[in-house]
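Trainee: So that we are looking at the same thing, I have put the structure below in structure tokens.
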Amino acid sequence: MKDVFQSNPYLFISFLFFLSFIVIFLLYTFFKKVYLANVEDGKIPKDTLILFRALKECHFGNLEEYLDILKKLAKKYPEETEIFIMAGDVVRKSNPQKALEIHRELLFRSEVSGKLRATVLKHVGKDYLELGKYTKAQNSLSESVKISDNGRSRQLLSKAYESTGDFKKAFENMKKSLKMENNLNEKILRNMAARFAAVSDNIEEKTIWLGELKSFVSPKEGAVLSLSKSVFDGKQRKAQSQLKDIIDSYPDMEVSARSVLSNANWGKEVNSEVEGKYMKIFRKNFDEAVFVCGNCSSIIKQEDPVCGNCLSVSVKKIYESPEV
């Protein structure tokens, strides 16, 4: 046997695997037999089995079965607040109003204080968000972070503020959340700034978010954002100088740069003096022209530097008529 293994080492490795399998199988069989015997003898509480079933149903996404088990546990252990929190979270998927009632009722319990109260308030805030009651969500989540600050509650609070149009507080809370969770992914903040810049109707707010976005993008994208900010701020000389720099340094961004100039009357005059390949387009009235994102091909307002769909500061393309 020894000679066989020496001449064929792979056979020896296969034998070890087979032997290991046999040992594991025997141990599993023994454990299963002893475990079941202990359950039958009452040595392992039935509650342990119920909890195991709850974990199993939760893991596999069988929410109805999971909720039924939680109801049984809640009936047997009505003092355990966490069971009701979990039950409310399951109910929220189909009936957020009922979930709110379950969670809000917990706030009247004397034992619900400190971090536990902060947790319950966080779940109440999630219920309000699901119901579209954003101001009430803000109140619950603000109270939660005052008691016990944490990243997840800050994220939810950010969502609540964004839903009511308070972009500044939304951004601040997301920034705090990422810092608390040591999340170095700046893409979240970059996309928020881009989204706010794209949807803001107020010129002052738009320029704030363009400036914020600039810190997250490439130099050539940043150049277009700076130009756009100068146009919105009414700084004509600075904008003209920036346009020249963009054409010299990043010629593929010329259409993007010239399109944002259309936001000002003097910008249209500057575009009317264009030379080269864009002369036919920009020297005439191109109000009917269509600008599209070079990244996702979505239509973009000619004066906007940010695509509202993919949130990129892309190389814009221009078509002379909507039919094209």
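Trainee: Looking for whichever is at pLDDT below 90, assigned to a loop (DSSP other than H, G, I, E, B) and more than 21 Å from Arg195 (Cα to Cα) here; the options are Ser321, Ser297. Which one fits?
Mentor: Being at pLDDT below 90, assigned to a loop (DSSP other than H, G, I, E, B) and more than 21 Å from Arg195 (Cα to Cα) holds for just one of Ser321, Ser297, which is Ser321.
Trainee: If I ask for residues that are among the β-branched types (Val, Ile, Thr) and either within 14 Å of Met174 (Cβ to Cβ) or at pLDDT 90 or above (or both), which ones from region 200-230 would you list?
Mentor: Once the filter is applied, which keeps residues that are among the β-branched types (Val, Ile, Thr) and either within 14 Å of Met174 (Cβ to Cβ) or at pLDDT 90 or above (or both), region 200-230 yields Thr207, Ile208, Val217, Val224.
Trainee: Let me ask something else about it. Mind counting the residues in region 197-238 that are in a helix (DSSP H, G or I) and either in contact with a strand residue (DSSP E or B) (Cβ under 7 Å, 6 or more places away or on another chain) or of a type outside the set (Lys, Arg) (or both)?
Mentor: 26
Trainee: Evaluate the following for Ile246: is it more than 27 Å from the chain's Cα centre (by Cα) and assigned by TED's automatic domain parsing to the domain that holds Gly308?
Mentor: Taking the combined requirement at face value, the residue satisfies it.
Trainee: Which one is nearest to Asn185 (Cα to Cα), of the residues in region 202-228 that are β-branched (Val, Ile, Thr) and surrounded by 16 or more Cβ atoms within 10 Å (Cβ to Cβ)?
Mentor: Val217
Trainee: Ok, one more. Criterion first (assigned to a helix (DSSP H, G or I), at negative phi, touching a residue at least 24 places away in the same chain (Cβ under 8 Å) and hydroxyl-bearing (Ser, Thr, Tyr)) does Ser241 satisfy it?
Mentor: Against the criterion (assigned to a helix (DSSP H, G or I), at negative phi, touching a residue at least 24 places away in the same chain (Cβ under 8 Å) and hydroxyl-bearing (Ser, Thr, Tyr)), Ser241 does not qualify.
Trainee: Taking Ser262 as meeting all but one of (1) surrounded by 13 or more Cβ atoms within 10 Å (Cβ to Cβ); (2) out of contact with any Leu (no Cβ under 9 Å at 6 or more places or on another chain); (3) at pLDDT 80 or above, write down the number of the exception.
Mentor: With respect to (1) surrounded by 13 or more Cβ atoms within 10 Å (Cβ to Cβ); (2) out of contact with any Leu (no Cβ under 9 Å at 6 or more places or on another chain); (3) at pLDDT 80 or above, Ser262 is out only on (3).
The values are calculated or read from the model by the stated rules, or taken from the named source; none is laboratory data. As the structure is a computational prediction, the values presented were derived from the model and not from experiment. Virtual Cβ from ideal backbone geometry, glycine too; neighbours counted across all protein chains shown.
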